[in-house]
Amino acid sequence: MPLHQALPPLLASGQARGLEASGRWLDPATTHALPPRPAAFLDRDGVLIVDDHYPHDPAKVQWIPGAWQAVRRLNEAGYFVFVVTNQAGVGRGYYTEATVRHLHRWMAAEMAQAGAHIDAFEYCPHHPEADVAAYRRSCHRRKPGPGMILDLMAHWPVERAGSFMIGDRSTDVAAAAAAGLPGHLFPSDDLDRMTTIILSASNFSGV
């Protein structure tokens, strides 16, 4: 049942409670009701934020030039915007999954202040040589595997035509290729400029 139908009676009966918050949210029951559109899959470290060796503390995060503008441009062009990031730092014991999710919430809030939004964040904490045993395994979601991209495409109405990946490593491009999408290697200078070039070559006319 959609949340707008389910929540009112639960709240009225005292069976549910909530906290006021700002930012975007999406009712999972309505995801597939969204109109199909292409998607931009973005790596995180080295594409949206500076990769300064396992970034995880919002107080130390530096944004890549043009990151907010690029995401806003993609929003305005009618694209879904997804982040797909390997987070082996979890498997190595440098920080926890809760830390990753906290940083993603912070990034979303910062983006919102700039009038931009990311539709979903996906991360893979696994590594074949992880120090933390629970995360020590090969995983199809870890790039260059296509799992994170394919999972998003399975749960969102993504059109393949016009969709693409931007990453700063060959593993990002390989993950895109394995998912049947073009991948673009980002030189880490200006994300908005690169996004503009990619969109100018696309035939997608928006929603």
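Quick one: count up the residues across the range 55-72 that are buried (at least 20 other Cβ atoms within 10 Å of the Cβ) and touching a Phe, Trp or Tyr at 6+ places or on another chain (Cβ under 9 Å).
Total meeting the criteria: 1.
For (1) buried (at least 21 other Cβ atoms within 10 Å of the Cβ); (2) more than 19 Å from Pro144 (Cβ to Cβ); (3) not aromatic (Phe, Trp, Tyr), each residue gets a yes or a no:
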residue: Phe41; (1), (2), (3): yes, no, no
residue: Tyr94; (1), (2), (3): no, yes, no
residue: Ile118; (1), (2), (3): yes, yes, yes
residue: Cys124; (1), (2), (3): yes, no, yes
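What number of residues in the range 149-187 are within 13 Å of Ala39 (Cβ to Cβ), hydroxyl-bearing (Ser, Thr, Tyr) and surrounded by fewer than 21 Cβ atoms within 10 Å (Cβ to Cβ)?
0
Taking the residues in the range 43-54 that are β-branched (Val, Ile, Thr) and part of a loop (DSSP other than H, G, I, E, B) as candidates, determine which candidate is surrounded by the fewest Cβ atoms within 10 Å (Cβ to Cβ).
Looking at the filtered set, the residue picked out is Val50.
With respect to the numbered conditions (1) free of Cβ contacts under 8 Å to residues at least 40 places away in the same chain; (2) acidic (Asp, Glu); (3) closer than 23 Å to Pro187 by Cβ, which one is the sole condition not fulfilled by Asp45?
It fails just one condition, (1).
Mind listing whichever residues of the range 158-200 are in contact with a helix residue (DSSP H, G or I) (Cβ under 8 Å, 6 or more places away or on another chain), assigned to a loop (DSSP other than H, G, I, E, B) and touching a residue at least 24 places away in the same chain (Cβ under 8 Å)?
Ala179, Leu181, Phe186
Quick check on Ala154: is it assigned to a helix (DSSP H, G or I), farther than 18 Å from Val81 by Cβ and without any contact (Cβ under 8 Å) to a residue 40 or more places away in the chain?
So Ala154 does not fit the description; no.
Inspect all residues belonging to the range 109-116 and state whether any of them is touching a strand residue (DSSP E or B) at 6+ places or on another chain (Cβ under 9 Å), assigned to a loop (DSSP other than H, G, I, E, B) and within 27 Å of Trp63 (Cβ to Cβ).
yes
Filter the range 70-87 down to the residues that are part of a helix (DSSP H, G or I) and within 16 Å of the chain's Cα centre (by Cα) and list them by number.
Ala70, Val71, Arg72, Arg73, Leu74, Asn75
Identify all residues within the range 126-138 that are surrounded by fewer than 18 Cβ atoms within 10 Å (Cβ to Cβ) and not small (Gly, Ala, Ser); write none if there are none.
Those that are surrounded by fewer than 18 Cβ atoms within 10 Å (Cβ to Cβ) and not small (Gly, Ala, Ser): Pro128, Glu129, Asp131, Val132, Arg136, Arg137.
Okay, residues lined up against (1) under 29 Å from Ala176 (Cα atoms); (2) at pLDDT below 60; (3) touching a strand residue (DSSP E or B) at 6+ places or on another chain (Cβ under 9 Å):
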| site | (1), (2), (3) |
| --- | --- |
| His4 | no, yes, no |
| Ser22 | no, yes, no |
| Leu26 | yes, yes, yes |
| Pro36 | yes, no, yes |
| Leu42 | yes, no, yes |
| Gly46 | yes, no, yes |
| Asp51 | yes, no, yes |
| Val61 | yes, no, yes |
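The values are calculated or read from the model by the stated rules, or taken from the named source; none is laboratory data. All values reported here derive from a predicted model rather than from experimental measurement. Cβ sites come from the backbone with ideal geometry, for glycine too, and all protein chains shown count toward neighbours.
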